[in-house]
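A short write-up of the structure that comes next.
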Amino acid sequence: MNKLFRLAWKCFFCFISIIFLSSCGGGGADKEVAKSDADSSAKAAPAQVVSVKAAGGGGGFLHYLWTDRVAFDALESKKLVFRFVFGQSDSLTMHGWTSKGSSGKEFDSIPNYQLLVGIPTLERYGDGVYLGNEILPKDSIVNIKNKLTSTGAHYVIFEPYVIGKNLAYHVLVSDIKPVEEFDKNRMTTTTGSGTNPSPPKNY
């Protein structure tokens, strides 16, 4: 009787052990399957990187842009076409191409003129503002050179403003660089010239 009881107990113990080991093994397999599924999902759907500027609408304050008289006087009296470029700390500046040839529609592959970044203004650019070409026509170049001569100013300053959905610049002359404390009303002379956003206006 004792032998029979011991045999039955051993069989019961083995049965319980098999069930326990099977359940543990199954859990491990499930974990491996879950891990495999997670890896597959990660490969199939990589994380999307979103620009802070894009998420927040972008934009910022526009700066005075400037150049010295020597550099401006060295320009040929021909149409000057500017394009926007981002400078340090996401400041927006412009580089320019002087037209060449009789048609006025030919340009070198690299810009031959660059404006420097001054202090920020209260004007802003952002969503909905077009950043197209800015044109300074031949007669404006001549007019600004004449204003430099008549006033004896040493710097040419580009003051930004937004008209409708377009960004443009008034051109001023001054004896002071717009880089520190700068009072436009007291330290500049208007030239009556400015950039022509194109399009929508014609070259």
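The values are calculated or read from the model by the stated rules, or taken from the named source; none is laboratory data. Just so it is clear, the structure is predicted and the values come from calculations on it, not from any experiment. Cβ sites come from the backbone with ideal geometry, for glycine too, and all protein chains shown count toward neighbours.
Looking at the structure I just gave you, is residue 176 modelled with pLDDT of 90 or more, under 16 Å from residue 62 (Cα atoms) and not polar (S, T, N, Q)? It would help to see each step written out before you state the result.
Numbers: modelled with pLDDT of 90 or more: yes; under 16 Å from residue 62 (Cα atoms): no; not polar (S, T, N, Q): yes.
Considered against the rule, which asks whether it is modelled with pLDDT of 90 or more, under 16 Å from residue 62 (Cα atoms) and not polar (S, T, N, Q), residue 176 comes out as no.
Residue 144 falls short of the stated requirement of being under 19 Å from residue 90 (Cα atoms) and either among the hydroxyl-bearing types (Ser, Thr, Tyr) or in contact (Cβ under 8 Å) with a residue 12 or more places away in the chain (or both). For residue 109, the criteria (1) assigned to a helix (DSSP H, G or I); (2) without any contact (Cβ under 8 Å) to a residue 12 or more places away in the chain hold in every case but one, which is (1). Quick one: would you say residue 123 is touching a residue at least 24 places away in the same chain (Cβ under 8 Å), surrounded by fewer than 18 Cβ atoms within 10 Å (Cβ to Cβ) and outside any loop (DSSP other than H, G, I, E, B)? For residue 123, the condition - touching a residue at least 24 places away in the same chain (Cβ under 8 Å), surrounded by fewer than 18 Cβ atoms within 10 Å (Cβ to Cβ) and outside any loop (DSSP other than H, G, I, E, B) - is met.
Matching residues to (1) within 16 Å of residue 65 (Cβ to Cβ); (2) aliphatic (A, V, I, L, M):
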residue	(1), (2)
108	no, no
124	yes, no
133	yes, no
140	yes, no
144	yes, yes
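So how many residues does the stretch 159-200 have that are in contact (Cβ under 8 Å) with a residue 12 or more places away in the chain and assigned to a loop (DSSP other than H, G, I, E, B)? Total satisfying the criteria: 11. Among residues of the stretch 68-90 that are polar (S, T, N, Q), those with a beta-carbon under 6 Å from a residue that is surrounded by 11 or more Cβ atoms within 10 Å (Cβ to Cβ) at least six positions away or on a different chain give the pairs 77/138; 77/141; 77/142. A count restricted to the stretch 156-192 and to residues that are touching a Gly at 6+ places or on another chain (Cβ under 9 Å) and basic (Lys, Arg) stands at 2. Identify the residue in the stretch 179-203 that is at pLDDT below 90 and polar (S, T, N, Q) and, among all such residues, is farthest from the chain's Cα centre (by Cα). Filtering the stretch 179-203 for residues that are at pLDDT below 90 and polar (S, T, N, Q), the one farthest from the chain's Cα centre (by Cα) comes out as 185. Under the condition of being buried (at least 19 other Cβ atoms within 10 Å of the Cβ) and β-branched (Val, Ile, Thr), the residues counted in the stretch 153-167 number 2. Here the stretch 126-146 is the region considered, the condition is being surrounded by 13 or more Cβ atoms within 10 Å (Cβ to Cβ) and charged (D, E, K, R), and the residue that is nearest to the chain's Cα centre (by Cα) is 134. Set side by side, the residues 174, 150 differ, and just one is over 26 Å from residue 127 (Cα atoms), exposed (fewer than 15 other Cβ atoms within 10 Å of the Cβ) and assigned by TED's automatic domain parsing to the domain that holds residue 80, which is 150.
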